[in-house]
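Just so you know, all these numbers are worked out from the coordinates, no wet-lab data involved. Only a predicted model underlies this, so the values are computations on that prediction, with no experimental measurement involved. We place every Cβ from the backbone using ideal geometry, glycine too, and count neighbours over all the protein chains shown.
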């Protein structure tokens, strides 16, 4: 199902190259004024128009390693229901974003090919049919709907004092944010791609969010994060590195929040919640293409159509906005109970 | 809620020191013969009676680093419904395990203390009341119910050719399984505890399990694994290590299963599914206790009551059985659709 | 929540006088060709353009007792996703119907008034805000989305041999269909309104649909029918009349389907499923208005704006299409398991 | 699934002639003292030990038309979890009732027979296996678990000022409660059975319970009531009788609560909520048996084994307690949101 949440429910729809993508957000309280500028800001961040790794870039200037397509694709939000004069009605909020950048011909060759590192084959085998144009539902384009919905959730959270801060903390082996842009630019020049780690810190969350046994806070966060395209792992607090620490080192250390991640027994403990997600490098890079699909394409399609500059060198850059959106959807859902 | 799954639904109940723990398993097909020996075997594995890290130990012999309590606690399963003459009826299967090792006095001091690294405080603040005896619902005792239910699920999966293999692959910095027992024994002698990484490999899963967008296979697996006590992270395929690989290195490597983890776009691709979970060292170790609670307990309770030999040195050892159970519950649920 | 179903899931959105109403249908199998003519036909039936009680009326001719508004309101369906070249993709189908007949000024007086027999007050008190224009979400306009979604479901059901036949069987005290139009016309001339009973017969349903205990077939049907505006009761098989029969009369009668309604123990038994819904007369009728709101309206709004010819004399007429749609959604959901 | 509710969740398990029936109640707030006497009282009412139609009967005296089996069957509740010293812990409450009256031999003949008016055949065809002893899950025995859970819910509701009053208002054609016992006694002497109508009045419910569109209050009530064995219809407010009223008669009448049933647009309006359920006569009556199964049973089983005095003449009598329980479960769930 294309639905997330129980009491604050987000339903996503739309193919990347169909008429529109969009979503329905149910369970939004009535009487809340929506700040459309914040939604625009979040969409810009996701599209790479708002530089995430290097905040010194000016507005409109593009971050390294983001495909030009991201900038071209339309993301004007049309609000269909649930909002009257900018204020929520308590009824479901439906919104759509029309698809503009429908260069479907670029994907013509995909009708008969499965790309490595993509979901082409599993979709085809599961459904027996697929919208080959740009990955259909599997396209990262779908995350624009998540960002719109997540941004609404984030506004509701802010009213309760909950803040979500998300940032890129590692690109390849590089852990110094000041060098991220340079690092990614070099990868891109080389026709390659690289992975990254995104960290999210949630402050202001009251004690008591999450439930014992299955509905643990970390379970809901992990579920949502693992649903983001390209995410290969989730950890909170001491995470995977923690395997190298003995109990006495861990629990007697000074920074218990880094160890606990702000969660005990599945329940928020009132300190900041800290988690990280790792994103793989995209398989859509020139080097891989040249080796994986060495032969000329049928019907004389040039190779440039398939790859030149169309894909991000480091998808973790834009994933920052999606991680933030998903965290907001999860938290607002748990707080709506 | 204490329920996992949609079409194959497991509900867990019971406090560690109440009358019984147990569960209800709904959505089990009718006419399946349950192999009670396999359930016994899984419970033994969870209790540390069946050695996980070192299979050379004989039956009944205990693995290093497992608390004696695990052996003493009762785990006789009483089947209340859903099974007639050993065969499922298609109705909900309810089972209970009576609690035996009710040394409640050991926990008397906890009435007024919150242990670090435990859920004592978050439970108290969330519910305003808690069963302080042994952690109540937060106790790892609850996982016995998961293992019973998961074992039933695993039997249903085996009939479809799906096999789940789970093992410990790292203890502290040690990655050589032959040295795990020795390593853990040393940690235990030192009054300390240590983390570990559990790996799970699923074979025989057909193409098409999992759904695009939210209900991805990795999302459901992560949700379930993060719900296990002490689990601080989940990764599949290339995982966190993958951040160090460039796209060209990753996708042109020979072993695509290690990279993809057997999942593409949230959907199983027919190759083995591979994921790992990291478990923290338990906070209940002598070294931490001595420093964290240095003063004598009120009412003359000796410190030995609180800690001596009652806790695992490496909870990852017994988590192996729980990871396997949770994987089975997730897969059977997704396949029951 | 504005969502119905578990494995075949319909989400409805939109205010009657906002930009659009619409829905998302999730769980539709891939590769099904949608017959848009059948959807048009169902929408016509709902709008009173296809005469339900008297099939001798010609196309486009309007049935008695249906408000002219029903004819004017737009119901052009725009398909946003999930369908490529008329064939389903297995992804969520989103559709919208733009609102056209936005005579919002007619509702200006409602900003400060609660109509009897309507949800004006409960909405205001529940949400603290409401879209007063035409009832907002409470408007029967919303049922157009149900009919679109239900019509898709009905097509899926037909492929499995399941047919749903729905008709008006009683209007006021009149049980002879041949006299329904005349009866309703007289009510309408009198400025009054009248209730009706709709009967639904489902044939071709296999044995085994529905589950014991809570998820009984009749429970799901009742849930869905009671959600239709104006529906005050649901019965199946012998229903309320059956209270007058003794057991020996009932179970030894020849027509067991009429008694059982095609369901035993919550599970379809392979014979036709028969149920009935009663619809109240609408409170929006001239006679009630003149007595309930005798005084001139503020700001000189004429009374005709409020009532003349804007409402159905017998909402059961158009409810026939909605009952059929809801039955289809319920059955397709249960069969999607 | 054998589960009802979303935020206050009841799971039912157990066959009538297995080891035990029982349930799990999740979402119960912590710190509530459970009054076990009220639960006993509700179970007595359900068992016919507390006379429903004629309150003048003394305690322990049995109401007319209730089978002796109802009195003999055990209903001692054992609480397994979720309660410590009589106070809820906020964790799932599991309880069981051991089965005592296991006269399984009475049902031996059912191994190869399907009774009319029962679910024998549909169960067999759906599951391919069934517990033939006393109907298995389809037995009314299962409703004892509902009554226990519903009684807990009712106590939670009372704390919020919500009261549920349920009573028998019609038996066959008889509408005078003073004549119910006599009427039922005559039916029973005649070896026959009879239907009845149960009315439920809920007072103290705040405005705003229920949601527009699908999750209407009446939808949830209807779903739950239709899940009770033998219930053939649900109506609220003006119900089916309302079809005979014109709009002007209905909405200008003095008693709007009788018309509206306390619900507008699916949302409680603060006045008493009134609904009714009709129950069919049981098919298990001597007259039907003698005609439906005229031949001697195989293996010389006497006919008396099958029918004599084992079944209720009017199941609506005992359904009163179940209707009350189900109403409580529905309301507590909606209020737990």
- What nm value, rounded to one decimal, do you get for the distance between residue C:41 and residue C:203 when each label is placed 7 Å out toward the C-beta? 1.5
- Sorting A:37, B:35, C:44 on the 10 Å Cβ count, fewest up front, what's the list? A:37, B:35, C:44
- Listed with the fewest Cβ neighbours within 10 Å leading, B:114, B:123, B:183 appear as B:114, B:183, B:123
- Obtain the nm distance between the two label points defined at residue A:175 and residue B:190 by a simple spin-label model: each point lies 7 Å from its Cα along the Cα-to-C-beta direction. 2.2
- Query: What is the distance, in nm, between label points placed 7 Å from the Cα along the Cα-to-Cβ direction at residue B:78 and at residue B:6?
  - Reply: 3.6
- Enter the mean number of other protein chain beta carbons within 10 Å of the beta carbon of each residue in D:276-283, as an integer. 6
- Task: Place the peptides A:155-164, B:13-22, C:197-206 in order of packing, highest mean first, counting for every residue the other Cβ atoms within 10 Å and averaging per peptide.
- Result: B:13-22, C:197-206, A:155-164
- For a footprinting-style exposure proxy, rank D:190, D:75, A:85, B:312 by other Cβ within 10 Å, fewest first. A:85, D:190, D:75, B:312
- Query: Which whole number gives the average count of other chain Cβ atoms within 10 Å of the Cβ atoms across peptide B:200-213?
  - Reply: 4
